[in-house]
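Below you'll find the structure, written out as structure tokens, and then a few comments.
What follows is calculated from the coordinates using simple rules that are stated; it is not laboratory data. Just so it is clear, the model here is predicted, and its values are computed rather than measured. FYI the Cβ positions are ideal-geometry reconstructions off the backbone, even for glycines, and counts take in every protein chain you see.
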Amino acid sequence: MTDFLLELRSEEIPARMQLKGKEDLARLFSDALAKAGLAAASVETFATPRRLALIATGLPLATDAVSEETKGPKVGAPPQAMEGFLRKTGLTQDQLTERDGVYFAVVEKAGRQTADVLAEAIPAIIRAFPWPKSQRWGAASISTESLRWVRPLQGIVALLGDDVVPCEIDGIVSGAATMGHRFHHSGPITIGNAGDYIEKLRACHVIVHCSERCRIIRDGAKAVAQAAGLNLVEDEGLVIENAGLTEWPVPMLGRFDPAFLDVPQEVIQLTARVNQKYFVCHDSNGKLANAFVCTANIDAHDGGAAIVAGNEKVLAARLSDAKFFWEQDLKVSLDDQAQKLAQITFHEKLGSVADKVDRVAKLARWLVEEGIVKSSPERGGGARAASDGGGSLPSASPQADGPLHRASTVPLPAGGEELAAQAARAARLCKADLVTGMVGEFPELQGIMGGYYARVQGESDAVADAIRDHYKPVGQGDDVPTAPVTVAVSLADKLDTLAQFFAAGMPPTGSKDPFALRRAAIGFLSLLLQNNLRCSLRETLDATGAGASFDTLEEFLVDRLKVQQREAGVRHDLIDAVFSLGGEDDLVRLLARVKALQAYITTAEGANLLAAYKRAANILKGSTPVSPVLDRATDAPMSDAAEQQMPQTGEEDPFVDVDQGMRAAIAGNHGRTAGIIPEGAAAADIALLGALDIAEPQAQKALEAEQFEDAMAALATLREPIDRFFDEVMVNDEDPAKRAFRLGLLARFRDAVTQVADFSKIEG
């Protein structure tokens, strides 16, 4: 066994491509070995700005002889099939092996030297490397067949043990020599074998482990900040990026003019981070300090003074630009900036950004007026949600050529009118910063800058905060706004985006989501659930005025709900089980039902009830709702249509042999006497009937009061009598009256359970 070293040295590899490059090198190398019947004990990869490297340990010096078997035609197959197989394998028929009536071609292949395998694999790996962007260079680049690499490839080190693996690609010949640090070491370095690669490069100021460079940057940046009495603002993404820019990282502290601190701190931090890859610092009071940490790629003779001075100059120029944008933007009111939005297209089918702002403002006001977003600490519980199926308030509906008009005569609660006005005002200004100079320079600051401008220009804190935060949450794990004005604007913004694109026939397809509708959906759901906002999803979608059927959007939102709740441990099948009942489009209430259902169904008692339901459903398979024979809430006679829809068992109609007198008694009796119970009914029949009489109204009452745990508890009382029922009686009794009675009991049990959820959707 021996070790193998491969280094591919080039001009500077972009930092963002290095980690993926390491993964691709390991994958391509392992695949090439596997094709040759080889495997390494371990494979470790390295990346620096100037090299991508790999060390594989425990490689055999040669591959074993292998026997390759190819299945051929059956004995007696047409001659054409046999001739084609022989041409493919290069064998004659007498060289084939017959087994179980089938011909096989068995070819013995001799083992190969590992060095020969690697010599073929290296050029193939280089040519197949999937860089996100690559280039050709030199005179050969006039041909599209010339070598492509992320940056011009300059050298290949390929050592198996102490020996060079000879290979060549595009004039670059493999060897044992590489280069050290660009400034600290001149001339080539000869590598003896894989074992001395890491330390020889370290001696020449190259640290090949990315993780080690990250640690040096992380710890060093903290240390230089603390030495100055400051606290580093940690940024792991910036640590990794600086590690990808340096082979010998040296963190250093610099300063900038305190006058720049008048500019919003997000601007300073973004300028330092994005343009210069600098960390920023806070003082002991937690405020942004006029200091930064840069990462040099050299041990300077003067301790880094010249490097720091140069970086301070560059940052000062950047901050001067930012300060200029800040001061110029403040000279124009947000109202005037908002007028320019009419010149920016939101989407060719959906009008301008100004059109979107107008829709969002009306929708934000509507959300407040309908009591969905309220100013009280209690979230939700609005008038619309409180009336589920009863006398609901008239909904506001958008007019084709005007704003949303409030149709309800119920007055807004105290503070509601002010909240509605603030929500509309914030929505009118929420996109105005898109046309400012600062956001033009730093698009990442949209919303943030609008909040600053609004506050300076005299808007209320609630309006300024809503402008700042209305894009939130922008993804799973992001902060979810809770301030009422912000919630109204953020919800309206996301709701409008979803409704408009779906109405225009542009939903996400497969992995494509050019308008980030999945992200908007997750944000919309997070706002609803975290703020306990009670609303009818269908009515809320209708209020957008997009003018389309929203069945597809509803399904999309429920699918996103399943994705969102998966991390919280909520089962997707239970969401389906509740949603599929229909009529449940209050997502807060839906999720409460799901959680209560999950808590119950995961118990032994719940699992037994689920099993009983499925057994009952299988017996009643293909049936539709049972006639009033066992409906204890009505005394209406059974119609012919109802009679025709009695549960079927695959045999005869269960009532076919019931005489007319029994039919009348069954159809006309409201169920409070023993008249519906057939003669000879078992004790288990009576027990299940009595349990249903108690559990059904209890469960229904609990559901109406949204006491979902109590509804589960009511259903739990059915487990023992239904188990006893299945143990002690024959459902398809020869007596048609008993059979009909028991089928009715099962249908009633099924329907009682289905009040809570469609148990047929539950897995397990």
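Taking the Cβ-Cβ separation of residue 555 and residue 474 as r and a Förster radius of 22 Å, what is the calculated FRET efficiency to the nearest 0.05? Don't jump to the answer; show the numbers that get you there.
Numbers: r = 24 Å, r/R0 = 1.07.
Calculated transfer efficiency: 0.40.
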Relative contact order as a percentage, the chain, C-alpha pairs under 8 Å and 6+ apart, gives 7
Compute the length gained on full extension between residue 185 and residue 460: take 0.36 nm times their separation in residues and subtract their Cα-Cα distance, giving the result in nm to one decimal. 93.0 nm
Evaluate E = 1/(1 + (r/R0)^6) for residue 573 and residue 513, where r is the Cβ-Cβ distance and R0 equals 22 Å; express this FRET efficiency to the nearest 0.05. 0.35
Which of the lysines could a cross-linker bridge to residue 356, judged by Cα under 21 Å and excluding same-chain residues fewer than eight apart? 340, 431, 472, 494
What aspartates and glutamates does residue 222 reach when the alpha-carbon gap must be under 17 Å and sequence neighbours fewer than 8 apart in one chain are set aside? 212, 234, 235, 236, 241, 283
Mind ordering 431-440, 77-86 by average Cβ neighbours within 10 Å, highest first? 431-440, 77-86
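Under the 0.36 nm per residue contour assumption, what length would be gained going from the current alpha-carbon distance of residue 324 and residue 163 to full extension? Please list the in-between numbers first.
Numbers: separation 161, 0.36 × 161 = 57.96 nm, distance 6.14 nm.
The residue 324-residue 163 span can extend by a further 51.8 nm.
Which GluC sites (Glu not before Pro) from segment 268-365 combine a DSSP loop assignment with at most 12 other Cβ atoms within 10 Å? All intermediate terms of the calculation are to be shown ahead of the outcome.
Values: sites: 312, 327, 348; in loops: 348.
Sites meeting the loop and neighbour criteria: 348.
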Quickly estimate the mean residue ellipticity at 222 nm for the chain, helices only: each DSSP H run with n ≥ 4 gives -39500 (n - 2.57), and the total goes over all residues, rounded to 500. -14000 deg cm²/dmol
Cross-link reach list, lysines versus residue 614, counting only Cα pairs under 16 Å and skipping chain neighbours closer than eight places: 761
How many angstrom lie between the Cα centre of segment 104-118 and the Cα centre of segment 419-496? 66
Order by protection proxy (mean Cβ within 10 Å, highest first), peptides 176-183, 493-500: 493-500, 176-183
If packing is taken as the average number of other Cβ atoms within 10 Å across a peptide's residues, how do 515-526, 582-593 rank, most packed first? 515-526, 582-593
Determine the relative contact order of segment 55-133: mean sequence separation of Cα pairs under 8 Å and six or more apart, normalised by residue count, in whole percent. 41
Treating only the Cβ atoms of Lys and Arg (+1) and Asp and Glu (-1) as charged, compute the dipole magnitude of the chain about its Cα centre; round to the nearest 20 debye. 2060
